[in-house]
Every structure is written in C-alpha cells, then in structure tokens.
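Enquirer: Before I ask anything, here is the structure I am working with.
The values are calculated or read from the model by the stated rules, or taken from the named source; none is laboratory data. Values in this document were obtained by computation on a predicted structure and should not be read as measured data. Glycine gets a Cβ as well: all are built from the backbone with ideal geometry, and neighbour counts include every protein chain shown. Remember, those area values only see protein heavy atoms, side chains included, never the ligands or the DNA or RNA. Shrake-Rupley method; radii C 1.70, N 1.55, O 1.52, S 1.80 Å.
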Amino acid sequence: MTSEIAIAVDEIRQAFPNCSVNAEEDGQGGCYVTVSGVDIGARYTPHNASFSFHIGFQYPRADVYPHYTDVGIKRVDGGGHGGGVGQVIWREKTVLQLSRRSNRWNPASDTAAIKLAKVVEWFKNL
Amino acid sequence: MKITLPISVTIDEALFTKLQAHLFPGDHDEHGAVIAAGIVQTKRGTRLLAREVFLANDGIDYVLGTRGYRALTAQFVAEKADYCSEEKLCYLAVHCHGGIDAVGFSPDDLASHQRGYPALLDITNGLPVGALVFAKQAVAGEIWTTNGVFPLAKMRVVGRRIFDLYASPKSAPKKADRIYERNTRLFGDIGQEILGGLKVVIIGLGGGGSLLNEWLSRLGVGHIVAIDFDRVDITNLSRIVGATRWDALSLLTGSRWKLLQKIGKRFAARKVHVARRVARVANRSIVYDAVVGDILDESTALMARDADFIFLASDSIRSRLVFNALVQQYLIPGIQVGAKISSDKWTREITDIFTTTRLVLPGSGRGCLDCAGAIPPSRLREEGVAEEEKRAQAYVDDPEISEPSVITLNVLSAGQAATDLMMLFTGLFDDHADLGHIMNFARERKLEYVGQSVNQHCLDCSSTKRSRRGRGDSVRLAVSRQTVC
C-alpha cells in the first residue's frame, strides 16, 4: 500500500484504540480496511459492529466512501434504517451500505479516520 | 546513486524570476542563493527540479570570503544542506558573475567546490550537490555525485516562455528541412530546431488526441509518445484522424453474429498504432513510441517523466490527477483538452456545448487542475470503484449511453492546445497574454477565460511541505501498481 494509506491505517488504529483494525492490500496500492468492535450505541442491537471500506490508491486525493457494516444490525425500536443505508453485496458478502459522500473533502486535512468517525457518528444518530 | 547524463536543471518561471531579481538587482555585484531540487533520472538524462530557492542575504548569509570574493556562510550552508537532506532534495549553491551570454567558474570557485562538496555529499546522503553560476543570460554548473563530477548541460525555465540557458551561446541552427519553410518564416530555423528536439507525450488518442498527433507531427515535433489502451471502433471513424473501416474491422463488428462481433472488437487496430501511421506520413523522421497502456498504471505513467510537454486528451478524473501530478512533480508543462456536450437527464435536450483548453504550468497559480476544482475528490472516488461495486452502489450511469463527441468541437480545444505549445517554445506569446484556462461555448459562440484559483495548501502545486511540486522521483505518483485496463 502507499505510504499515505499506511499512515491512514495507523491513524484509524489511533482513533479507534479499543477496536481491532484489519487492512488488506488491494494489489493496486490501496487497501480494504475493517474496523471491528465499534460502539454504535443503544439504538441498535448488537451495540457493536464492524465497519469496512476501501481506501483507493489515490488517497488522500480521493474521498473515502461508501462504508459497509453488518447486515444483522437492527434498530431496537423495530424501525427501518434511515435514508443512505441500504443492503448490498460487497466483496461477496451481504452488508449494509452507508452512503456518505463528502462534498467538501479536503485532501490537505481530511483523513480516512476522520471520515470513519463522522460516518459512525451519523449512523449512531440516525 | 548512478547518474545518467546529461544533467540539467529545470526551474519554473516564478522561482527563476525570484532568483534573477536577487542575483541581478542592477548593482553589478555578486550575490548568492541555494536551490533545493528534486531529482528525476531517466534514459534521457538526469534533471534536477528546482523546488525552493533560498536567497542569501548580503552581509549576513553571503559575506566577504577568505579565499574568494564572496562566500555563503558556513551556517547558511549547513542549514540548507540539512534541510535538503531531510526533504530528500539536492543542494545547489548559486552565485553570479558579470557578463551576458557566457559564464564559467573561476579557479577560486572550483577550489571551493573541491574543499566543500565531498562533505556535502555525505550530508545529503549521496543525493547530488553542486554549484551554478549565472550571467544575465547564461548559466554554468558543476554537479558532484557519488559517481563523479559532471558539468551542467543546461537550465530549462518553464513559464510563458519555455527556454534553455547554457554556459555559452549555442552554435547557429541548421537550415530546416524545406517542408518547414512556411513554419520558419514565423519562428526561424531556431524555432524549428527547438520543436524538432521536443519529446511530447499525448495521453489518449481518441478525438482530441488524434488531432494533436497529426498537427504536432506536421509541426515538426521530433518525438511523440502516444498512450492509449483502446482499439478503434466504427463509431470512432467520424473523429479519429486516419482511422479506417479496416482498422475498425467493421465487416466483423457490423456482423449480426455475436462471435464475429467479438472477434472484430478483439482484433481491431489499436488507436496508438493508427496514430503512429498518421504521424509517420506527416513526418517520416519522427521518433514514435506507440504505448498500449493506461496512464493510471505506474509503469506507463513513469514513461512521461522525461517529456518536454504532456497533452491530456483522455477525460477521466483519475487521468487528470496523474497528469496534474506529472506536471507539478516533474515540472513538465502540459495542456488538458476536452469537449463536453451536456443534456437534460430526463428530456435529453442539449443544454450546453463547450470545449476546454487548460494550460497547466508548474507552480502555484499557473493553472493547476486541482486548484481549479477540476479534480473533485468525490468523482475521483467514484471512478476508482470497480465496475461491480459501482453497479451495487447504483452510482453507474446507463452503460448503453455514450457521451456525444464531434470532431469539430475537438478541433476547437486541440487547435488552441497545439498552438499554445508552439507559442510557448518559440517565445511568441505576448508578455501580457492571458494563459488561463479557456472555455469555448459553442452555442453562444463565446470564448471565456477562467480566472486562476489558488489553494495555498494544494498537495500538487503549493510550496507547503506536503506538496509534490518539484520532488521528482522521491514521491510516488497517484497511480496503480497493477494494470487497471
């Protein structure tokens, strides 16, 4: 993976110290990242989930999205997931896709870790 | 580090102007500076890429010497050498002499190199160090490397005029071939010789690229590298110069049998091979590299590192990213061309017809595509996603519908681009010419210049630490390590 992406993975590990972070190279310089054991709060069961995403080799120039989480996550109030969440097949697995594009992605300051934190926060509050 | 010869320095216009103003303020005295330079090595030679210029203040950093007239202080040298070492840049000490078009080092200068540069080579971890001495219109250099000491062949200045400086005047140009007689009435045999010495990369040999290919060949450009992975299709014949039905294998691709269609598509001519054929008809002495490849692949992108100019005629956001990186990282001027026909998503009514010609010179405020907003991160991401993922994400457009493309529109942007190259290298632009991005709105028959935007933190063109500008081979291009096509 590129040096920028290696730094990105380290930043994710630092931002989510209680979670396990797995990075699998994609063969083009990018990588697939899975962060497991992320606390998604009391609105969901289970309360923890894994989040996966692809960081392309153009990072940090390219935005990091979409993110994917476990299809088995349910809302405790029985309601459906909100807009921007849909079930898809990704890497041969059925997952929930969280489509949050950053319209003002700034390669000089935005990072994959910041983006993941924002996506998790958004999902928690849906 | 093994050095390939010849060695030259490339500097953008802003840094050159800054340096010249410091060295020649009109007092006929000696002044000093240091250039921190990236390095790129190819078969064509070694280029040192001026990334920063540190001016030595007279009396503080540049003082009376004990063994020569003036010298950089030990502290200034140490600071800048350490900086170069940290940033993986080459250290070049600069001073000036009198004179106009010829210059050379004095015996005192050469003796000081002998005393100081072996130690500097250690500090810069083997990256070349050296010295440049300027006259008003000349520069000489001595470059020290771990493989020996070599003279500087030339300095190239890249700006609204692209020109080379030497240690002494070059000999008069040869008389140009008679086929260029009408060219030379504009820019002389010297202009024709300059064009003949150029190596130009054309990325994308579709509509715009094929036009550029023919025109540059006829103009007398000496070496073209054409990059495209695509094959000719029958729908290209209205736009690709020189393409024939035989190239498109139209008898097969037009068959009602799917197998024959498949065979036709598989064995149709490559666009770069058509381009080579066209170029050789236009200029039988041209050197031509027809590269079947994708500029997004590392190995293909690296072929452009030693070009004198790059045209981007392939309109994907990812290719713009690589093109912009090549311009800024390797200080190679370039132009992106394109034509766009927009239509209403639902009614398909044509809303806009415009072409763009975006001149990109190295340096901040010189047309950087990223600063201009032409490389949106979200669109970059969309293109980067694999086709299967795109379908799953429902971001993909209907694959049955291709973008409209018409040769006469391609001519508008490519023609401006080819003329820009000619004007840049022959020094014919007026001093006040606006070199900004041009948009030609065909429906309104209106030409507009797009104002230059500058992002002070741009990762490509700015002078921040993170920028790739002038870093040469020490940073990686934003390309795939694997073949993507």
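Enquirer: Can you give me the % of accessible surface on segment B:220-353 that is carbon or sulfur? Probe 1.4 Å, all protein chains present, nothing else counted.
Expert: 54 percent
Enquirer: Can you tell which of B:H22, B:L296, B:F134 lies farthest toward the positive end of the dipole of the protein assembly as shown, using +1 and -1 charges on the Cβ of basic and acidic side chains (Lys, Arg; Asp, Glu)?
Expert: Farthest towards the positive pole: B:L296.
Enquirer: Treat each spin label as a single point 7 Å out from the Cα along the C-beta direction, and report the B:A433 to B:F24 distance in nm.
Expert: Taking the two extended label points, one gets 2.2 nm.
Enquirer: Take each of the peptides B:29-41, A:56-68, A:80-92, average the number of other beta-carbon atoms within 10 Å over its residues, and list them starting from the highest.
Expert: A:56-68, B:29-41, A:80-92
Enquirer: Oh, and also: Run the numbers for B:K136 and B:L302: contour at 0.36 nm per residue of separation, minus the present Cα-Cα distance, in nm. Intermediate values should be presented prior to the final figure.
Expert: On the way: separation 166, 0.36 × 166 = 59.76 nm, distance 3.45 nm.
Here the segment from B:K136 to B:L302 would lengthen by 56.3 nm.
Enquirer: Same structure again: So for each of B:230-243, A:15-28 I average, over its residues, the number of other beta carbons within 10 Å; can you give me the resulting order with the highest mean first?
Expert: My ranking of the peptides, most packed first, is B:230-243, A:15-28.
Enquirer: Run the helix sum for the protein assembly as shown: -39,500 (n - 2.57) per DSSP H stretch of 4+ residues, divided by residue count, reported at 222 nm to the nearest 500 deg cm²/dmol.
Expert: Mean residue ellipticity at 222 nm (helix-derived): -9000 deg cm²/dmol.
Enquirer: Using a ≥ b ≥ c from the Cα gyration tensor of segment B:85-240 (square roots of the eigenvalues), is it rounded, prolate or oblate, where a/c under 1.5 gives rounded and otherwise the larger of a/b and b/c decides, a/b for prolate?
Expert: oblate
Enquirer: When Lys and Arg each count +1 and Asp and Glu each count -1, what net charge do the other residues less than 12 Å away from A:Y44, Cβ to Cβ, add up to? Working shown, then result.
Expert: Values: positive: A:R43, A:K74, A:R75, A:K124; negative: A:D39, A:D70, A:D77.
That works out to +1.
Enquirer: Something else now. Pairing the Cα long axis of helix B:407-426 with the longest principal axis of chain B, what angle in degrees results, from 0 to 90 and rounded to the nearest 10?
Expert: 10 degrees
Enquirer: Extension gain B:Y449-B:T42, at 0.36 nm per residue separation less the Cα-Cα distance, in nm?
Expert: On the way: separation 407, 0.36 × 407 = 146.52 nm, distance 3.62 nm.
Full-extension gain reported as 142.9 nm.
Enquirer: Grab the Cα-Cα distance for B:V281 and B:D82, subtract it from 0.36 nm times how many residues apart they are, and report the gain in nm with one decimal.
Expert: Answer, rounded to one decimal: 66.3 nm.
Enquirer: Could you compute how much accessible surface B:Y117 exposes when probed at 1.4 Å, giving the result in Å² to the nearest 10?
Expert: 20 Å²
Enquirer: Please list, by residue number, everything in segment A:53-84 whose backbone N is under 14 Å from a paramagnetic label point 7 Å out along Cα→Cβ of A:K93.
Expert: Once the point is set 7 Å along Cα→Cβ of A:K93, A:53-54, A:67-73 turn out to lie under 14 Å by backbone N, inside segment A:53-84.
Enquirer: Please find the FRET efficiency linking B:T66 to B:K170, where r is the Cβ-Cβ separation and R0 is fixed at 35 Å, and quote it to the nearest 0.05.
Expert: Computed FRET efficiency for B:T66 and B:K170: 0.40.
Enquirer: Could you compute the net charge surrounding B:G116? Neighbours are other residues with a C-beta less than 13 Å from the C-beta of B:G116; K and R count +1, D and E count -1. Write down the numbers at each step before the final one.
Expert: Details: positive: B:R67, B:K80, B:R115; negative: B:D108, B:D109, B:D122, B:E142.
With Lys, Arg at +1 and Asp, Glu at -1, the net is -1.
Enquirer: Sticking with this structure for a sec: Students often get this wrong, so check it: of B:K2/B:K136; B:K136/B:K465; B:K136/B:K170; B:K175/B:K199, which have C-alpha atoms separated by over 23 Å?
Expert: B:K2/B:K136; B:K136/B:K465
Enquirer: Work out the charge dipole of the protein assembly as shown with +1 on the Cβ of Lys and Arg and -1 on the Cβ of Asp and Glu about the Cα centre, then indicate which of A:A42, B:L369, B:A33 is farthest towards its positive end.
Expert: Positive-most Cα among the choices belongs to B:L369.
Enquirer: List the chymotrypsin sites (Phe, Trp or Tyr not before Pro) in segment B:235-303 that DSSP assigns to loop (not H, G, I, E or B) and whose Cβ has at most 16 other Cβ atoms within 10 Å. Which are they?
Expert: For chymotrypsin sites (Phe, Trp or Tyr not before Pro) across segment B:235-303 that sit outside H, G, I, E and B with at most 16 neighbouring Cβ atoms in 10 Å, the list reads B:W257.
Enquirer: Let me ask you something else. Any idea of the total accessible area buried by the B-A contact, 1.4 Å probe, rounded to 100 Å²?
Expert: Approximately 2200 Å², summed over both chains.
Enquirer: Roughly how far apart, in whole Å, are the Cα centres of segment B:6-28 and segment B:426-451?
Expert: Spelled out, the Cα-based centre of one part sits 28 Å from the other.
Enquirer: So if I place +1 on the C-beta of Lys and Arg and -1 on the C-beta of Asp and Glu, and nothing else carries charge, what would the dipole magnitude of chain B be about its Cα centre? I want it in debye, nearest 20.
Expert: Dipole of chain B, to the nearest 20 debye: 1720 debye.
Enquirer: Which of rounded, prolate or oblate describes the protein assembly as shown when judged by the alpha-carbon gyration tensor and an a/c cut-off of 1.5? Could you put the intermediate results ahead of the total?
Expert: On the way: a/c = 2.27, a/b = 1.29, b/c = 1.75.
Verdict is oblate for the protein assembly as shown.
Enquirer: Among A:K74, A:K93, A:K115, which one moves the most in a GNM of chain A with springs linking Cα atoms closer than 10 Å?
Expert: A:K93
Enquirer: Here is a follow-up. Going Cα to Cα from A:K74, which aspartates and glutamates come in below 17 Å? Please leave out same-chain ones fewer than 8 positions away.
Expert: By straight Cα distance, A:K74 reaches A:D39, A:E121.
Enquirer: Please give every one of the lysines within straight-line cross-link reach of B:K258, meaning a C-alpha to C-alpha distance under 25 Å, and leave out same-chain neighbours fewer than 8 residues apart.
Expert: Cα-Cα hits under 25 Å: B:K271.
Enquirer: What is the average number of partner chain Cβ atoms found within 10 Å of a Cβ in A:48-61?
Expert: Per residue, the number of nearby Cβ atoms from other chains is 5 on average.
Enquirer: I want to check the label-to-label distance for B:K265 and A:S109. Put each point 7 Å from Cα in the C-beta direction and report it in nm to one decimal.
Expert: 4.7 nm
Enquirer: Using a 1.4 Å probe on the protein heavy atoms, what percent of the accessible area of segment B:414-485 belongs to carbon and sulfur?
Expert: 46 percent
Enquirer: Using the Cα gyration tensor of segment B:177-216, with a ≥ b ≥ c the square roots of its eigenvalues, what is the shape: rounded (a/c below 1.5), prolate (a/b larger than b/c) or oblate (neither)?
Expert: Taking the square roots of the gyration eigenvalues as a ≥ b ≥ c, segment B:177-216 is prolate.
Enquirer: Relative contact order for segment B:1-144 using alpha-carbon pairs under 8 Å, separation at least 6, rounded to a whole percent?
Expert: 23 percent
Enquirer: Relative to the longest principal Cα axis of chain B, at what angle does helix B:13-23 sit, 0 to 90 degrees, rounded to 10?
Expert: 10 degrees
Enquirer: Given the peptides B:196-209, B:155-168, arrange them by the average over their residues of other C-beta atoms within 10 Å, most packed first.
Expert: Result, highest mean Cβ count within 10 Å first: B:196-209, B:155-168.
Enquirer: If you don't mind, there's one more thing I want to ask. So what's the gap between the Cα centers of segment B:206-254 and segment A:16-45, to the nearest angstrom?
Expert: 46 Å
Enquirer: May I ask for the angle, rounded to the nearest 10°, between helix B:271-282 and the longest principal axis of chain B, with both axes built from Cα atoms and the value confined to 0 to 90°?
Expert: 70 degrees
Enquirer: Simple spin-label model, 7 Å along Cα-to-Cβ: B:L237 to B:S316 in nm?
Expert: So the two model labels end up 2.7 nm from each other.
Enquirer: Per residue of B:367-378, count partner chain C-beta atoms within 10 Å of its C-beta, then hand back the mean as an integer. Mind showing how you got there, number by number?
Expert: Values: counts 0, 0, 0, 2, 0, 0, 0, 0, 4, 4, 16, 8.
Average per residue, whole number: 3.
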